[in-house]
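J.: Have a look at this one before I ask anything.
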Amino acid sequence: MTDFGDAFTTAFGLIASLDPDLMEIVLLSLRVSLTAVGLAVLVGLPLGAAVALFRFPGRLVVAALLNAFMGLPPVVIGLMVYLLLSRNGPLGVLGLLFTPTAMIIAQWLLITPIVAALAQQTVSDLHAEYDEQLRSLGAGPGRAVWTLLWDGRFSLLTAVLAGFGRASAEVGAVMIVGGNINHVTRVMTTTIALETSKGNLALALGLGMILITLALTITLSAMAVRDLASRRHA
Amino acid sequence: MTDTILPLSIDGVGYTAAGRRLIDGISATLEAGPRTIVLGPNGAGKSLLLRLCHGLIRPTTGHITWAGTGAPARPGHQAMVFQRPVLLRRSTFANVTYALGLKGVRRHARKALALAALERAGLAERATQPARLLSGGEQQRLTLARAWALEPEVLFLDEPTASLDPAATRRVETLITQFHGAGTKIVMTTHDLGQARRLADEVLFLHHGRLVEHAPAGDFFARPQSREAAAFIEGDLLW
Amino acid sequence: MVTRFAALLLGLAIVAGATELGAEPRFITLASTTSTENSGLLAHLLPRFLAATGIEVRVVAVGTGQALRIARNGDADVLLVHHRPSEEAFVAEGHGVARHEVMINDYVIGGPRADPAGIADNSSAVAAFAQIAAAQAPFVSRGDDSGTHKKELALWAAAGIDPASASGTWYREVGAGMGATLNIAAAMPAYLLSDRSTWVSFRNKGHLMLLVEGDPPLFNPYGVILVNPDRHPHVKAAEGQAFIDWMLSDEGQSAIASFRVDGQQLFFPRARHTDP
């Protein structure tokens with residue numbers, strides 16, 4: 001139990017002093033995860049909507065792939081991205097390994113299936129409700145996708161939060177593709193892993209508390225916005 | 001040469017689904033002018049017929065033709081109101097401008113048209129409120145306002161007041177009559193005899209997916225030609 | 001259209017991930033081991049190298065096996081590990097230019113305060129291992145193909161013991177880094193082989209004690225190798241060689257010797273000419 005007590009004190013100390021290393025790590029963590037979430041939304045929402053609405057060749061394959069990727073452990077995805085970006089690998093010429101960009105790519109792969117799968121469900125439900133009226137008004141399939149996505153925005157926000165949660169909590173993928181390089185690719189989760197491996201359990205736990213608080217703050221604010229807005233629009 | 005899409009020709013139309021023949025050989029011509037009520041007990045195929053006419057579903061047999069040609073482009077020429085109002089999670093006003101946008105009306109013109117439509121429907125004060133927070137009757141009037149803003153030639157209505165209380169029903173019926181007065185052809189389904197009596201100029205009576213009678217309203221209610229229609233008017237249960 | 005969209009996404013990812021706007025600083029990527037990094041030696045050395053040459057060293061610290069793999073793939077410029085057979089094979093296979101022995105540290109055998117196998121102060125590491133096996137006392141192995149792991153296996157072999165047959169009973173293979181292994185050994189408690197640097201700086205040893213040290217088989221030489229630019233043309237050969245030269249120079253070697261944890265010197269300079 002002393003570790004918990006030490007952890008609290010360490011955490012407060014770091015935050016209160018605005019420890020520059022901590023700030024650097026937190027900012028990088030946010031930059032990586034939020035960018036990954038943004039890109040995942042860009043791809044995942046229309047993708048999920050398309051799978052819900054359109055019968056295109058390969059639709060079942062896409063849906064199956066999305067489901068499969070959702071279940072992959074982050075470390076496996078990290079391994080896949082490493083093999084892709086390694087100098088030996090197909091995209092090696094880009095020289096992206098061990099950079100924050102590689103971490104963004106890996107987390108994007110983690111999040112997109114979640115966003116897409118939840119978007120698919122939301123759009124599918126809305127489609128059942130709206131389809132005839134939208135067709136009656138003359139909305140083509142393309143237009144319908146955007147209308148349904150916008151109308152389902154509150155449920156979709158939940159999907160986005162779920163994706164953000166998965167990204168900010170994972171360590172396996174970013175460790176492998178980022179290399180946990182000090183001042184370059186070290187984020188909160190890899191720092192916690194590192195400090196644990198050094199036996200600095202109080203520090204690791206303290207950082208963990210900071211990470212949880214950060215994630216909670218973001219999630220709760222988004223939920224508050226969502227609840228406020230959805231109450232206004234039912 | 002007029003641009004009208006009427007008359008609507010329903011030609012030996014049938015619809016089969018899951019092995020069951022739900023609509024069987026219906027033929028009728030709907031002309032501009034009279035309010036057409038499609039009447040019949042539940043399960044008669046009224047909603048299905050409406051959807052076939054509107055183009056939401058394709059008939060298994062037979063043809064739906066407008067003005068002697070194939071089906072016209074839908075936006076603007078026909079509109080449909082459903083039993084449960086389907087509204088977007090936006091303001092009342094935005095729901096109308098959305099439809100106008102689909103029709104191709106320029107952005108700056110939408111506002112005036114939308115407000116005018118809301119005025120006619122008595123919803124002007126509700127313009128900025130979220131559409132889904134309106135009462136059932138107000139929501140249905142909104143769907144009518146939305147349809148009206150599109151200035152369709154034909155308005156299909158599928159049991160539009162089935163879920164409304166008498167007061168709301170009356171307001172909706174008034175709106176429909178005004179719609180008609182402004183020149184729109186009304187084609188409406190109902191199982192409510194009283195409503196049919198109030199609104200019909202002509203009646204299509206359906207039973208078990210077949211068109212049993214097609215007559216002007218006065219003739220139909222005074223002298224029904226078929227056994228089923230007579231029973232229905234008497235208030236007997238039909239099966 | 002899909003490829004253009006993918007390119008756009010990649011572009012966005014790159015922009016968001018860019019660490020510096022403007023000219024990139026000169027840097028090399030060094031593949032090394034977690035024990036080296038965790039000891040704190042690199043944090044002591046690298047700023048000095050940066051001050052001397054203006055070259056930043058980005059350290060990817062992983063297990064020895066993974067470090068070799070990274071270097072083999074050309075994802076690093078310089079390799080710094082501590083398993084001579086692997087290093088020599090690396091160079092022989094043409095992945096590295098040459099192996100230079102740069103420093104040496106040592107391993108220690110740690111274990112529970114109660115010392116059920118009675119190995120305390122045994123002057124022979126191999127004998128201590130034999131005692132542990134005989135007593136079937138719990139022993140935690142890194143089991144991750146690291147330099148430490150390979151040294152441990154060599155000691156078992158020298159004692160004529162095959163620990164794999166006891167895997168899951170008194171011999172526990174955890175497949176983890178030195179720190180994680182120490183965490184586990186402290187919690188059980190169990191015996192283990194650890195490099196001295198991690199041992200000294202580890203903050204969660206609980207009641208583990210240092211029981212055997214100083215026996216020559218426990219010495220641990222480090223090799224530094226430049227990844228072969230003929231195999232991987234993008235390797236920063238000039239800067240990488242500058243790093244190796246500095247490590248082998250008087251300045252680098254005395255920096256290594258000056259590194260202390262809790263007053264103890266952990267690494268000993270051992271620069272020699274290139275091995276044939």
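J.: Looking at (1) free of Cβ contacts under 8 Å to residues at least 60 places away in the same chain; (2) aliphatic (A, V, I, L, M); (3) not in a loop (DSSP other than H, G, I, E, B), can you tell me which one B:MET188 breaks?
T.: (1)
J.: Next question, about the same structure. From the list A:GLY179, A:GLY172, which one is crowded, with 19+ Cβ neighbours inside 10 Å, in contact with a helix residue (DSSP H, G or I) (Cβ under 7 Å, 6 or more places away or on another chain), among the small types (Gly, Ala, Ser) and at pLDDT 90 or above? Walk me through it before giving the result.
T.: Working: A:GLY179 fails: in contact with a helix residue (DSSP H, G or I) (Cβ under 7 Å, 6 or more places away or on another chain).
Within the list A:GLY179, A:GLY172, the selection yields A:GLY172.
J.: Here's another thing I want to ask about it. Working only within the range A:16-60, note down all residues that are over 21 Å from the mean Cα position of the chain (by Cα) and farther than 21 Å from A:VAL184 by Cα.
T.: Residues satisfying the conditions are A:ALA16, A:SER17, A:ALA52, A:LEU53, A:PHE54, A:ARG55, A:PHE56, A:PRO57, A:GLY58, A:ARG59, A:LEU60.
J.: To continue, here is another question. Residues that are at pLDDT 90 or above and within 10 Å of another protein chain (Cβ to nearest Cβ): list the strands (runs of 3 or more DSSP E) wholly contained in the range B:29-102 that include at least 3 such residues.
T.: Numbers: elements: B:36-39, B:61-66, B:78-81.
Answer list for the range B:29-102: B:78-81.
J.: Which residues, counting only those in the range A:79-91, are more than 8 Å from chain C (Cβ to nearest Cβ) and out of contact with any Leu (no Cβ under 9 Å at 6 or more places or on another chain)?
T.: The answer is A:LEU79, A:LEU83.
J.: A further question on this structure: Do we have C:ARG48 as part of a helix (DSSP H, G or I), among the charged types (D, E, K, R), out of contact with any Cys (no Cβ under 6 Å at 6 or more places or on another chain) and not assigned by TED's automatic domain parsing to the domain that holds C:VAL227 here? Explain how you work it out, then say what you get.
T.: Details: part of a helix (DSSP H, G or I): yes; among the charged types (D, E, K, R): yes; out of contact with any Cys (no Cβ under 6 Å at 6 or more places or on another chain): yes; not assigned by TED's automatic domain parsing to the domain that holds C:VAL227: no.
Spelling it out, it is not the case that C:ARG48 is part of a helix (DSSP H, G or I), among the charged types (D, E, K, R), out of contact with any Cys (no Cβ under 6 Å at 6 or more places or on another chain) and not assigned by TED's automatic domain parsing to the domain that holds C:VAL227.
J.: When you go through (1) of a type in the set (D, E, K, R); (2) without any contact (Cβ under 8 Å) to a residue 40 or more places away in the chain; (3) touching a helix residue (DSSP H, G or I) at 6+ places or on another chain (Cβ under 8 Å) one by one for B:GLU125, which number turns out not to apply?
T.: Condition not satisfied by B:GLU125: (3).
J.: I'm trying to understand the selection: among the residues of the range C:183-226, which are within 25 Å of C:LEU30 (Cα to Cα) and not in a strand (DSSP E or B)?
T.: Of the range C:183-226, the ones within 25 Å of C:LEU30 (Cα to Cα) are C:194-202, C:219-226.
Within the range C:183-226, C:ARG196, C:SER197, C:THR198, C:TRP199, C:VAL200, C:SER201, C:PHE202 qualify.
J.: Hey, another quick one. Among residues belonging to the range C:201-230 that are within 11 Å of chain A (Cβ to nearest Cβ) and of a type outside the set (Gly, Ala, Ser), point out the one that is farthest from C:TYR107 (Cα to Cα).
T.: C:VAL227
J.: Return a yes/no flag: does the range A:187-210 have any residue that is of a type in the set (A, V, I, L, M, F, W, C), part of a helix (DSSP H, G or I), buried (at least 20 other Cβ atoms within 10 Å of the Cβ) and in contact with a Phe, Trp or Tyr (Cβ under 6 Å, 6 or more places away or on another chain).
T.: No, the range A:187-210 contains no residue that is of a type in the set (A, V, I, L, M, F, W, C), part of a helix (DSSP H, G or I), buried (at least 20 other Cβ atoms within 10 Å of the Cβ) and in contact with a Phe, Trp or Tyr (Cβ under 6 Å, 6 or more places away or on another chain).
J.: Could you say which residue among C:GLU20, C:GLU37 is within 14 Å of another protein chain (Cβ to nearest Cβ), at pLDDT below 95 and closer than 28 Å to C:VAL140 by Cα?
T.: It is C:GLU37.
J.: C:ALA125 - would you say it is crowded, with 18+ Cβ neighbours inside 10 Å, touching a helix residue (DSSP H, G or I) at 6+ places or on another chain (Cβ under 7 Å) and under 30 Å from C:SER167 (Cα atoms)?
T.: yes
J.: To continue, here is another question. Can you tell me which residue in the range C:59-102 is nearest to the other protein chains (Cβ to nearest Cβ), limited to those that are among the charged types (D, E, K, R), closer than 22 Å to A:GLY92 by Cβ and surrounded by fewer than 19 Cβ atoms within 10 Å (Cβ to Cβ)?
T.: If we filter the range C:59-102 for residues that are among the charged types (D, E, K, R), which is where we start, we get C:69, C:72, C:75, C:77, C:84, C:87-88, C:93, C:99, C:101.
If we keep only those that are closer than 22 Å to A:GLY92 by Cβ as well, we get C:69, C:72, C:75, C:77, C:93.
Still in the running and surrounded by fewer than 19 Cβ atoms within 10 Å (Cβ to Cβ): C:69, C:93.
Values: C:ARG69: 9, C:GLU93: 14 Å.
Across the range C:59-102, the extreme among qualifying residues is C:ARG69.
J.: Now for a different question. Only one of A:LEU94, A:LEU110 is within 14 Å of chain C (Cβ to nearest Cβ), over 20 Å from the mean Cα position of the chain (by Cα) and closer than 30 Å to C:ASN73 by Cα; which? I'd like the intermediate steps shown before the answer.
T.: Values: A:LEU110 fails: over 20 Å from the mean Cα position of the chain (by Cα).
None of the other options fit; the residue is A:LEU94.
J.: Run down B:ALA162, B:ALA109 and say which single residue is at pLDDT 90 or above and either of a type in the set (Lys, Arg) or farther than 20 Å from B:ALA200 by Cβ (or both).
T.: After applying the criteria, what remains is B:ALA109.
J.: With A:SER155, A:SER136 as the choices, which residue is within 13 Å of chain B (Cβ to nearest Cβ), surrounded by 21 or more Cβ atoms within 10 Å (Cβ to Cβ) and polar (S, T, N, Q)?
T.: A:SER136
J.: Please work out which residue is farthest from the other protein chains (Cβ to nearest Cβ), limiting yourself to the range B:125-171 and to residues that are buried (at least 21 other Cβ atoms within 10 Å of the Cβ), under 24 Å from B:LYS111 (Cα atoms) and of a type in the set (Val, Ile, Thr).
T.: The selected residue is B:VAL154.
J.: From the list C:SER141, C:SER197, which one is among the polar types (S, T, N, Q), within 14 Å of chain A (Cβ to nearest Cβ) and surrounded by 18 or more Cβ atoms within 10 Å (Cβ to Cβ)?
T.: C:SER197
J.: All but one of (1) within 30 Å of C:GLN264 (Cα to Cα); (2) surrounded by 16 or more Cβ atoms within 10 Å (Cβ to Cβ) hold for C:LEU50; which doesn't?
T.: Failed condition: (2).
J.: Please tell me if B:ALA147 is part of a helix (DSSP H, G or I) and modelled with pLDDT under 95.
T.: The answer is yes for B:ALA147.
J.: I'm told C:ALA134 meets every condition in (1) in the same structural domain as C:LEU182 (by TED's automatic domain parsing); (2) farther than 30 Å from C:PRO189 by Cα except one. Can you identify the failing condition by its number?
T.: Failing condition for C:ALA134: (2).
J.: Could you count how many residues in the range C:144-179 are surrounded by 20 or more Cβ atoms within 10 Å (Cβ to Cβ) and within 14 Å of another protein chain (Cβ to nearest Cβ)?
T.: 7
The values are calculated or read from the model by the stated rules, or taken from the named source; none is laboratory data. The structure presented is a predicted model; accordingly, all values stated were derived computationally and were not measured. Backbone-built Cβ (ideal geometry, glycine too); neighbour counts: all protein chains shown.
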